[in-house]
1. Could we say that Asn62 is modelled with pLDDT under 95 and buried (at least 20 other Cβ atoms within 10 Å of the Cβ) here?
2. As an exercise: evaluate Ala211 against (1) over 29 Å from Asp131 (Cβ atoms); (2) at pLDDT below 90; (3) touching a helix residue (DSSP H, G or I) at 6+ places or on another chain (Cβ under 8 Å) and give the number of the one condition it does not meet.
3. Restricting to the range 236-253, name every residue that is among the charged types (D, E, K, R) and either touching a residue at least 24 places away in the same chain (Cβ under 8 Å) or in contact with a helix residue (DSSP H, G or I) (Cβ under 9 Å, 6 or more places away or on another chain) (or both).
4. Quick check: anything in the range 177-189 surrounded by fewer than 16 Cβ atoms within 10 Å (Cβ to Cβ) and in contact with a strand residue (DSSP E or B) (Cβ under 6 Å, 6 or more places away or on another chain)?
5. Of all strands (runs of 3 or more DSSP E) completely enclosed by the range 1-76, which ones contain at least 1 residues that are of a type in the set (D, E, K, R)?
6. Out of all the residues in the range 124-144, which are outside any strand (DSSP E or B), surrounded by fewer than 24 Cβ atoms within 10 Å (Cβ to Cβ) and not aliphatic (A, V, I, L, M)?
7. May I ask you to list the residues in the range 159-187 that are in contact (Cβ under 8 Å) with a residue 40 or more places away in the chain and among the β-branched types (Val, Ile, Thr)?
8. Name the single residue, out of those in the range 190-230 being over 15 Å from Thr104 (Cβ atoms) and in contact (Cβ under 8 Å) with a residue 40 or more places away in the chain, that is surrounded by the fewest Cβ atoms within 10 Å (Cβ to Cβ).
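The values are calculated or read from the model by the stated rules, or taken from the named source; none is laboratory data. Keep in mind the model is a prediction, meaning the values are calculated, not measured. Ideal geometry is used to build each Cβ from the backbone, glycine not excepted, and the neighbour counts take in all protein chains shown.
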Amino acid sequence: MDINYNNLIIERRGEIATVSFNRPNRANALNYDLIYEIEAAALSFRDDIDTKVVVFTGIGKNFCAGADLGDPGAGYSGPLIKRRRRRRVGERAIQAILEMDQITISAWNGAAAGGGGCLAMAMDFRLGTKDSLLFFPEVDLGLNLMWKAMPLCVSLVGPARAKRLMVGGERITGEKLFDWGILDEIVSQEKLMEKTYEWADFYAGKPHIAAQMIKQSINSYATALDKAIMHSDVDQFLLAQSTDDHPVAALAYREKKRANLKGD
């Protein structure tokens, strides 16, 4: 997948590559174009035998602020059959990251919301700061979480905590992210990239074939039932998006009010 990257910066330094989300004026929020580029970037490492570790991070104050509601991009308009296919770009990006042979590490600065949280959870390891923030606003917008990412969250934190995040919309930051097993280490903002590259250098020094086969086996075991269970989450999203409750919930969310919902 050869494309010109307009929303990502990819840098290679020896055996370590860095993929940076580059929409800082939008808090690195996800429109169709950025998600498409993330998928392409992950796939671009498929035949790269020199890179052993890939670091993902966000330029600016935030890792990735979730869906860009103000600029969704051109990919989600048109007839339902088109929208249904285009909405799967997110799950393709997540799958492409999960299937990377290289070890993946997120340098988690600031907020990772909605789809941004899904991207962070798809990495092998996550380093953050006390200001790292995770939340899933979808439920308060009257929507479900897509991208086959729900099992990733359950695997990391267990069913009850996953419900607190995805049904309750709970917001959790640094120490709780670490306590729940989402962050692997907390460091100061000033040391985030330095410590991330220390982790990257450590894993780049492991025997590559053995490390990559072990990673693949663990991921295959941990996600064995994901496709069977989560095959319809895009259809669920499109259904939820078509309800009368969705715009009411979305307006209430923006106005920080409790929505008066009818279940329609």
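1. On the way: modelled with pLDDT under 95: no; buried (at least 20 other Cβ atoms within 10 Å of the Cβ): yes.
Criteria not met by Asn62.
2. (2)
3. If we filter the range 236-253 for residues that are among the charged types (D, E, K, R), which is where we start, we get 244-245.
Hit for the range 236-253 is Asp245, nothing else.
4. As a first pass, look at the range 177-189 and keep what is surrounded by fewer than 16 Cβ atoms within 10 Å (Cβ to Cβ): 179, 181, 185, 188-189.
Adding the requirement that they be in contact with a strand residue (DSSP E or B) (Cβ under 6 Å, 6 or more places away or on another chain) leaves 185.
Taking every residue of the range 177-189 in turn, at least one turns out to be surrounded by fewer than 16 Cβ atoms within 10 Å (Cβ to Cβ) and in contact with a strand residue (DSSP E or B) (Cβ under 6 Å, 6 or more places away or on another chain).
5. Those strands (runs of 3 or more DSSP E) span 8-13.
6. Asp124, Thr129, Lys130, Asp131, Pro137, Glu138, Asp140, Gly142, Asn144
7. If the condition is that a residue be in contact (Cβ under 8 Å) with a residue 40 or more places away in the chain and among the β-branched types (Val, Ile, Thr), then Thr173, Ile182, Ile186, Val187 are the ones that fit.
8. First, the residues of the range 190-230 that are over 15 Å from Thr104 (Cβ atoms): 190-195, 198, 205, 207, 209-210, 213, 217, 220-221, 224-230.
Among the residues that remain, those that are also in contact (Cβ under 8 Å) with a residue 40 or more places away in the chain are: 192-193, 195, 225-227, 229-230.
Values: Leu192: 20, Met193: 17, Lys195: 17, Leu225: 9, Asp226: 20, Lys227: 12, Ile229: 11, Met230: 20.
So, considering only residues that are over 15 Å from Thr104 (Cβ atoms) and in contact (Cβ under 8 Å) with a residue 40 or more places away in the chain, the one surrounded by the fewest Cβ atoms within 10 Å (Cβ to Cβ) is Leu225.
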